[in-house]
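These notes are about the structure you will find just below.
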Amino acid sequence: MVNTISTYYPVAIEMNPDILKIENLVKSFNGNTVINGISLSIAQGELSAIIGPNGAGKTTTMLSIMGLNRPKSGTITYRGKDITGHAPFKIARAGIGFVPEDRRVFPDLTVLGNLDVGRRTPKNKSKKWTLERIYKLFPRLQEFSHRNAGTLSGGEQQMLTIAGTLMGNPDFLLLDEPSEGLAPIIVKVLGEFIEVIKQEGMTVLLSEQNTKFALKHADRAYIVDNGSIKFEGSIDELEQNAEIKKRYLAV
Amino acid sequence: MDKLQQVNKNWIFGAATVALLFILPFVLARFGTTGEFWIWVTTEMIIMALFATSLNLILGFGGMVSFGHAAFFGVGAYTVALLMKKAGVSLILALIAAPCVAGLTAAIIGWFCVRLIGLYFAILTLAFGQLLYMIAFQWYTFTGGDDGIHGIPKPDFLGPTNYYLLCLVVFIACFLVMRMIVNSSFGLSIRLTRENLDRAKFIGINVRRYQLINFIMAGFFAGIAGGLFAELNRFAQTEFLHWSRSGDAIFACLVGGMYSFVGPAIGSSVLIFLHIVLQQIHQSLVEIWAIILGFILLGMVLFAPEGLVGLYGKITRKLKT
Amino acid sequence: MKGKHVKIFITVLAVMFMASMAQAGDTIRIGWTADMPGVGATFYASQKKAIEMFIEQTNAAGGVLGKKLELVIRDSKLKPDVGATMARELILSEKCEFLIGPTSSGVALAVTKLGETNYAPYIPTLMAKKPEVIYTNLWGGGLSSFIKQAKPYGLFKKASITSLYDLDMLRATGMDMPEGLLGYSRCPFYAVNTLSMQVFVEQYHKKYNEWPSDWACMAYDGLIALTTAIKKADSAKSEDVVKVLGGLRFLSLRGPRYLRAQDHMADVGLYVGYTAKDPKYKGFLILKDVVVVPAQMVWLPVAEVKKLQP
Amino acid sequence: MGIEFYLFLLINGLSQGMVLFIVASGLSLVFGVLRVINFAHGSLYMIGAFLAFSLSTLLPAGSIFSFLLLMLLVPLAVALLGLGLEIPLFRRIYGKEHLLQLLLTYALLLILDDACRLIWGGDIRNVARPDLLAGSIKFFDMFLPTYNVFILVVGPLIAVGLWFLLYRTRAGNLIRAAVSHPEMVGALGVNVSRVMTATFMLGCWLAGLGGVLMSALANIDLGIGMEKIIECFAVVVIGGLGSIGGALLGSLILGVGVAFIQLPLSRAAIVFPYFAMALILIIRPWGLFGKPER
């Protein structure tokens, strides 16, 4: 399905390590706290995974970053600028692309229409996501370019959501449980896609329940359970920590 | 202040208001003809308070916006008008028949409307209301068309004060019955359908049937208000059924406070009071009072959606803390 | 529509017996329940101008029986029950001795405008019948839009339509109004050649820079009748004034008139004529070579009136 | 009577339907995107008609260019008025419960209708048709009013223009995307509240245009606002809330329906819109083209 793009020029890795910093984020929904004091920092060009069971607060963290819900306290800074509680469209324009867990495609628009909504030219022209690149990455979307998104299958809709976000040429991608409910063959395609953008130097925050899939691609991992971080560290450190693995990952 | 104390306090407050309301006409009567005019006005306030409270069964407690409630008010009015004028029925009998006919109409219309939710419910009730309005307007031979029915006989002992007392007694009876309904288990389930429709369905409430019963009861009490109103002015007019009258009642609930039981009664009385006083203040206001009322309503929607009772609650709570 | 005969409209002094209050003060308060919103606005605006002019002039000339006239207006919002409440307020609370208001079914008819404004579909059927004369009790805005919609079809080249051509309708139809149509009007200021009408029209035009509509003239006449009755009764108390109403003679804009004893109907006739352009009145047509049909030939005999009363 | 008569009724019904479509499509669009049913939409239509009248008195009468100028300026003025309403009022109630939104627009209806009375007073007014459109065209052996035919041309043009805007431009994509997931549109970097304001102004523009076209078709009086909003509800309900195609079909059904019923049973003609509305709502609550309320 996805043919890897071998010929690709190396990416300059900027020096400042933390592109995104969250300091003790707290969020509660009518009374019960969903996140109490999550802090994390994401380095440029790295893929960090947030792993944890359903309801651990992963999606809520993602939504808070994207400004789609207003945290009770705590700050979120992106490239040194505080973006806590800013309007989603400002955060998106700052360079953060968001792929929601429930595949929010626009059903009455065609595939092309969906891709057109988030389209934005990037600051530096070099890393531009064009329609051709998207089609090369997801050829199926080219086939259905004139069909209404509502008629696509789950997997195709997931591809379309990701493609739609890429059209905004973000340099930081939030992927919220992308493998949720996808057939294994599609999960494989998703994995290849993640490798491609990692090679390109895209910084990614991946939230997943599917631990195996997440750890396969992650450079760093955060394990989250009922609203707080239980482990933070590189994949190697996680590998050695049998106790965490036994307790949370049942591997 | 625990629950029991709060309940007692309400009852005392309620009893005191009722006592005051009973004395009011006699006090007013001492102010000559101006007082007599205000007896007429307070009678109208009582009738309209009953109408607004009946609407609130559907609106505040049922969470459903009906733009057709005036139709039941009008049906009640025409029932009294026709029975008394053409069939020579006594006032009491007519006032019993009015709510029954209105309730029956509400059953027919309600059966269709409760199957819809939100906007669609609002527009369907508006459509049915206007349908009845048009029929009343066209059916000249039966309803007198746009002339309406005039000269409804009125027993001569029913002077302004006595008619006020009759309306007050009927209002209090209806008020207590409606209050009982709202606080009953039936009332709680209705409120649940407003809070969270799905949860109501999960725990086995037959939502449609409850909403229909609620709709019929609201229509029933609106019919009484319509009947009393027809006898007040001794005529019934197609205009009673118009949707703008439903709009006025909805505003009365909002201004008073939809989520309190006594809110609509206060709201409708305040609106009637404003309607008269605004024009009395100064001659120039006579032409622009309607726009002033419009701005007041706009202000309420934007800044005090919980209404006067809600505001009162908020202020007293602030004072206490 | 309902085959109702056209009721003769007069601003009758609807005197309410409930107000037997002695009017001590030095003013005579006249209450007016007017329908301001919607279609009622047309009549409200023109009547108000004439009434205010009358009161201004009368008070300037020393008032009636030495008492100044004072107008108290209330908006009855096109709703009869609101009208009833306001009437009660004017009498009981505002202590108005006299009440004027829309007492003609004509106003009520126009006020509850639920007829269709789109008359176009009737036109071909009318054309097919090759009518000579079309009689309708459409009037006011309804009639004006009918004529406008019918004109392009050349309906009026062959057929003439007779109906009420009051000034508001003539003004609304403007130059679309075909010429040579037979019609009637209740109080066409331009066709009444009494001196008092000329003076009134001139003052009205000077004061408001527009021509007085039928309603304005009739409102003015109503007040003339009222003040004449007060002077004749030599008292501003409503029950005294009522006694003199029967057969009251008063000099209206339309010449000397009287009130029929049984029901106080005024003997105002109708003015019938043909539409024609007139250089003096730009923007609308008027009725030419007008014939006055006296009230006696038009109004409802007393017996029938008794039957109709509720 | 013959075939021409029925053809005549059809054309007349269609032209009434077209004006109704232009106004109702505005209401449907605003509901589709903003999830707000705007009771005051009828008042904006009436203001459009009155503005057309006031402006027409300043322009040379009878010339087609002054009428076209009316068609250009008045809708823009009403759209600007829409902007003045959307920011301080509507923006505060998005997402709030239906009842508050209904009441806000209802209060606005009371205020705007009354403002019209105070500004334009009670006289019945209308705009004289430009000479070019004043007469009638010979059709077989019958006369059709040119103005009605003009509306039958303008109506479809507006429909096509609206379709093109919605389905063939980026703005259209954004508007239709905001219909299903406004927050997602925001997360994709689009200033959603600006999209909503633009949509609201487009809705008002359509109401204003409907007002201008109507001002030369029949009389303008203070009752047309209230009348039109009810007709728009009927159209939007029959066609399906939020669907422009539905609004077109709904308004033509109503226009032709009333025209044909008017003759045999004129009394029923007034009842027909409500009857159709009730019938459709019972059988297919979300109308012919609408989607079940999410």
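Every number in this text was worked out from the coordinates using simple rules, so none of it is lab data. This structure is a prediction, so every number in the text was calculated from the model and none was measured. All Cβ positions, even for glycine, are placed from backbone atoms using ideal geometry, and neighbour counts span all protein chains on display.
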Next item on the list: Within a 10 angstrom radius of each residue's Cβ in C:79-90, how many Cβ atoms of other chains show up on average? Whole number is fine.
Entry: 6
Next item on the list: Just tell me how shielded B:285-293 is by partners: mean number of partner chain Cβ atoms within 10 Å of each residue's Cβ, no decimals.
Entry: 6
Item checked: aspartates and glutamates with Cα under 18 Å of B:LYS320, excluding same-chain neighbours fewer than 8 positions away -> B:ASP2
Note to self: Can you tell me, using C-alpha contacts under 8 Å and at least 6 residues apart, the relative contact order of the stretch C:150-211 as a whole percent?
What the structure shows: 29 percent
Notebook entry, point to check: Tally Lys/Arg at +1 and Asp/Glu at -1 over every other residue whose Cβ is under 11 Å from the Cβ of C:ASP267; what's the total?
Noted result: +4
Item checked: Inter-probe distance in nm under a simple model that places probes 7 Å from Cα toward Cβ, at D:LYS96 and A:ASP236 -> 5.9 nm
Next item on the list: May I ask for the Rg/Rh ratio of the stretch C:176-263, computed from Cα atoms with Rh as the Kirkwood radius, given to two decimals?
Entry: 1.07
Next item on the list: Take the Cα coordinates of the stretch B:77-150, assign each an equal point scatterer, and use the Debye formula without solvent to give log10 I(q)/I(0) at q = 0.15, 0.28 Å⁻¹.
Entry: -0.62, -1.19
Note to self: Around A:LYS27, under 14 Å between beta carbons, what's the net of Lys plus Arg minus Asp minus Glu among the other residues?
What the structure shows: +2
Checklist line | Compactness of the stretch C:161-212, expressed as Rg and Dmax over alpha-carbon positions, Å | finding: 12.4, 35
Note to self: List the residue ranges in chain B for DSSP H helices whose C-alpha atoms run 24 angstrom or more along the long axis and whose Kyte-Doolittle average is -0.5 or above.
What the structure shows: B:3-29, B:32-58, B:69-86, B:91-113, B:118-138, B:160-183, B:207-233, B:263-281, B:285-303
Next item on the list: State whether the stretch D:1-99 is rounded, prolate or oblate according to the following rule on the C-alpha gyration tensor (a ≥ b ≥ c being the square roots of its eigenvalues): a/c under 1.5 gives rounded; otherwise a/b larger than b/c gives prolate, and the remaining case gives oblate.
Entry: oblate
Check: Among all helices in chain D defined by DSSP H, which have a length of 20 Å or more along the axis from Cα atoms plus a Kyte-Doolittle mean of at least -0.5?
Finding: D:2-34, D:41-58, D:64-86, D:98-120, D:146-168, D:192-215, D:224-239, D:244-262, D:266-283
Notebook entry, point to check: C:LEU287: net charge of surrounding residues, Cβ under 15 Å, Lys/Arg +1, Asp/Glu -1, itself excluded?
Noted result: 0
Next item on the list: Starting from the stretch B:92-199, pick out the trypsin sites (Lys or Arg not before Pro) whose DSSP state is loop and whose Cβ has at most 15 other Cβ atoms within 10 Å.
Entry: none
Next item on the list: Starting from the coordinates of the alpha-carbon atoms of the protein assembly as shown, obtain the Kirkwood hydrodynamic radius over all distinct pairs and give the value in Å to one decimal.
Entry: 33.8 Å
Checklist line | Across the protein assembly as shown: Cys residues that no other cysteine approaches within a C-beta distance under 4.7 Å | finding: B:CYS100, B:CYS113, B:CYS167, B:CYS174, B:CYS253, C:CYS96, D:CYS116, D:CYS204, D:CYS232
Notebook entry, point to check: Considering every residue in A:103-114, what mean count of other chain Cβ atoms within 10 Å of its Cβ is obtained?
Noted result: 5
Note to self: From the helices alone, meaning DSSP H stretches of at least four residues, give me the mean residue ellipticity at 222 nm for the protein assembly as shown, per-run term -39500 (n - 2.57), in deg cm²/dmol to the nearest 500.
What the structure shows: -18500 deg cm²/dmol
Margin query: Can you compute the modelled spin-label distance between B:ARG179 and D:ARG168, with each label point 7 Å from Cα toward Cβ, in nm?
Written below: 6.6 nm
Check: Between rounded, prolate and oblate, where does the stretch B:45-240 land on the alpha carbon gyration tensor, with a ≥ b ≥ c its root eigenvalues, rounded for a/c under 1.5, else prolate if a/b exceeds b/c?
Finding: oblate
Next item on the list: Work out the length of the dipole vector of the stretch D:104-241 about its Cα centre, built from +1 on the beta-carbon of each Lys and Arg and -1 on the beta-carbon of each Asp and Glu, and round it to the nearest 20 debye.
Entry: 520 debye
Margin query: Suppose we take every Cα in the stretch D:2-44 and form the convex hull; what volume per residue is that in Å³?
Written below: 69 Å³
Notebook entry, point to check: In nm, to one decimal, how far is the A:LYS81 label point from the B:ILE108 one, both placed 7 Å along Cα→Cβ?
Noted result: 6.5 nm
Margin query: Could you work out the relative contact order of the stretch D:23-221? I mean the mean sequence separation of Cα pairs under 8 Å and 6+ apart, divided by the number of residues, in percent.
Written below: 46 percent
Next item on the list: Output the Cα-based Rg and Dmax of the stretch D:23-221 in Å, rounding Rg to one decimal and Dmax to a whole number.
Entry: 18.3, 62
Next item on the list: Any of B:LYS3/B:LYS314; A:LYS90/D:LYS96; A:LYS27/A:LYS212; C:LYS79/C:LYS307 with alpha carbons more than 21 Å apart? Name them for me.
Entry: A:LYS90/D:LYS96; A:LYS27/A:LYS212; C:LYS79/C:LYS307
Item checked: Highest to lowest packing among D:223-234, D:39-50, scored as the average C-beta count within 10 Å -> D:39-50, D:223-234
Notebook entry, point to check: Where a Cα-Cα gap under 16 Å defines reach, which lysines qualify for D:LYS228, not counting those fewer than 8 residues away within the same chain?
Noted result: C:LYS113
Next item on the list: Please state the charge dipole magnitude for the stretch B:45-240, taken about the Cα centre, from unit charges on C-beta atoms (+1 on K and R, -1 on D and E), reported in debye and rounded to the nearest 20.
Entry: 560 debye
Next item on the list: Assuming a ≥ b ≥ c are the square roots of the Cα gyration tensor eigenvalues, decide whether the stretch D:183-290 counts as rounded (a/c under 1.5), prolate (otherwise, with a/b larger than b/c) or oblate.
Entry: oblate
Next item on the list: Could you sort D:59-66, C:219-226 so that the peptide with the highest average Cβ count within 10 Å comes first and the rest follow in order?
Entry: C:219-226, D:59-66
Next item on the list: With 18 Å as the limit, write out which pairs from C:LYS77/C:LYS148; C:LYS48/C:LYS207; C:LYS48/C:LYS243; A:LYS21/A:LYS58; C:LYS49/C:LYS207; A:LYS216/A:LYS245 have Cα-Cα distances beyond it, or answer none.
Entry: C:LYS77/C:LYS148; C:LYS48/C:LYS243
Margin query: Using amide H atoms built in the peptide plane, which far-off residues or other-chain residues are under 5 Å from A:ILE50 H to H?
Written below: A:LEU206, A:SER207, A:GLU208, A:TYR222
Item checked: Relative packing of peptides B:253-265, B:278-290 - highest average C-beta neighbours within 10 Å first -> B:253-265, B:278-290
